[in-house]
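In what follows, a structure is listed as structure tokens, so that the remarks can point back to it.
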Amino acid sequence: MLVAYVAMAGNATLIKKIGGPVNTRIHGYLMSSAAAIALFGWYVIYTNKDMYGKPHNTTVHAWCGIICLVGYASIGPFAYFALSPDWGFLRTNQTVRAGHKYGGRVLTALAWVTCLLGWMTMQADPLQRALFGLPLLPLAYYCLL
């Protein structure tokens with residue numbers, strides 16, 4: 001999940017900020033790959049919980065993760081058909097583009113918070129928590145604003 005949401009989605013956002021149709025396509029490919037990796041990660045976590053008889057979706061981290069998974073799985077196909085630089089039927093609609101831009105940023109921010117919540121669950125040491133969480137602040141400035 002960290003690779004998908006922090007590394008891939010963060011880089012996809014930065015590449016999109018460069019502009020141009022080629023970078024828009026790369027952005028789409030990276031975000032689609034991030035969504036696929038996140039869905040695979042969810043599958044692994046879900047099946048492992050089943051194997052060990054643990055309950056599902058009992059934490060804020062789990063519910064935020066579900067929102068992120070559904071959001072990424074929804075926004076990607078819509079953007080592919082509606083906002084493709086070559087043939088998207090809404091590619092010139094500035095309202096839809098802005099909605100995609102800011103909705104994607106909100107989803108990515110929520111994904112990063114969800115990753116932080118998961119990391120905090122696994123790491124009891126406050127220093128290790130800080131070493132993971134603090135670098136996300138400057139990254140959020142560059143990627144999400």
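The values are calculated or read from the model by the stated rules, or taken from the named source; none is laboratory data. What you are looking at is a predicted structure, and each value in this text was computed from that prediction instead of being measured. Please note: Cβ atoms are built from the backbone with ideal geometry, for glycine as well, and neighbour counts cover all protein chains shown. What goes into the accessible areas is simple: the full protein's heavy atoms, side chains included, and nothing from ligands, DNA or RNA. Shrake-Rupley method; radii C 1.70, N 1.55, O 1.52, S 1.80 Å.
Against the condition among the polar types (S, T, N, Q) and at pLDDT below 95, how does GLN123 come out, does it pass?
Details: among the polar types (S, T, N, Q): yes; at pLDDT below 95: yes.
Here the answer is yes, as GLN123 does meet what is asked.
Which of the residues spanning the range 80-103 are over 23 Å from GLY10 (Cβ atoms), open to solvent by less than 50 Å² (accessible area, probe 1.4 Å) and part of a helix (DSSP H, G or I)? Full working, then the answer.
As a first pass, look at the range 80-103 and keep what is over 23 Å from GLY10 (Cβ atoms): 81-82, 86-96.
Restricting the remaining residues to those that are open to solvent by less than 50 Å² (accessible area, probe 1.4 Å) gives 82, 88, 90, 96.
Correct list: ALA82, VAL96.
Look at PRO55 and say whether it is open to solvent by 50 Å² or more (accessible area, probe 1.4 Å), in a helix (DSSP H, G or I) and not acidic (Asp, Glu). Explain how you work it out, then say what you get.
Working: open to solvent by 50 Å² or more (accessible area, probe 1.4 Å): yes; in a helix (DSSP H, G or I): no; not acidic (Asp, Glu): yes.
Criteria not met by PRO55.
Taking the options LYS49, LYS16, name whichever one is basic (Lys, Arg) and either out of contact with any Lys or Arg (no Cβ under 9 Å at 6 or more places or on another chain) or surrounded by fewer than 13 Cβ atoms within 10 Å (Cβ to Cβ) (or both). Full working, then the answer.
Details: LYS16 fails: either out of contact with any Lys or Arg (no Cβ under 9 Å at 6 or more places or on another chain) or surrounded by fewer than 13 Cβ atoms within 10 Å (Cβ to Cβ) (or both).
That would be LYS49, the only listed residue that is basic (Lys, Arg) and either out of contact with any Lys or Arg (no Cβ under 9 Å at 6 or more places or on another chain) or surrounded by fewer than 13 Cβ atoms within 10 Å (Cβ to Cβ) (or both).
Residues GLY118, GLY103, GLY71: which one is within 18 Å of the chain's Cα centre (by Cα), in contact (Cβ under 8 Å) with a residue 60 or more places away in the chain and under 21 Å from SER33 (Cβ atoms)?
Working: GLY103 fails: in contact (Cβ under 8 Å) with a residue 60 or more places away in the chain; GLY71 fails: in contact (Cβ under 8 Å) with a residue 60 or more places away in the chain.
Every option except GLY118 fails the conditions.
Taking GLY76 as the residue in question, decide whether it is over 15 Å from MET1 (Cα atoms), open to solvent by less than 60 Å² (accessible area, probe 1.4 Å), outside any helix (DSSP H, G or I) and not aliphatic (A, V, I, L, M).
Values: over 15 Å from MET1 (Cα atoms): yes; open to solvent by less than 60 Å² (accessible area, probe 1.4 Å): yes; outside any helix (DSSP H, G or I): no; not aliphatic (A, V, I, L, M): yes.
Taking the combined requirement at face value, the residue does not satisfy it.
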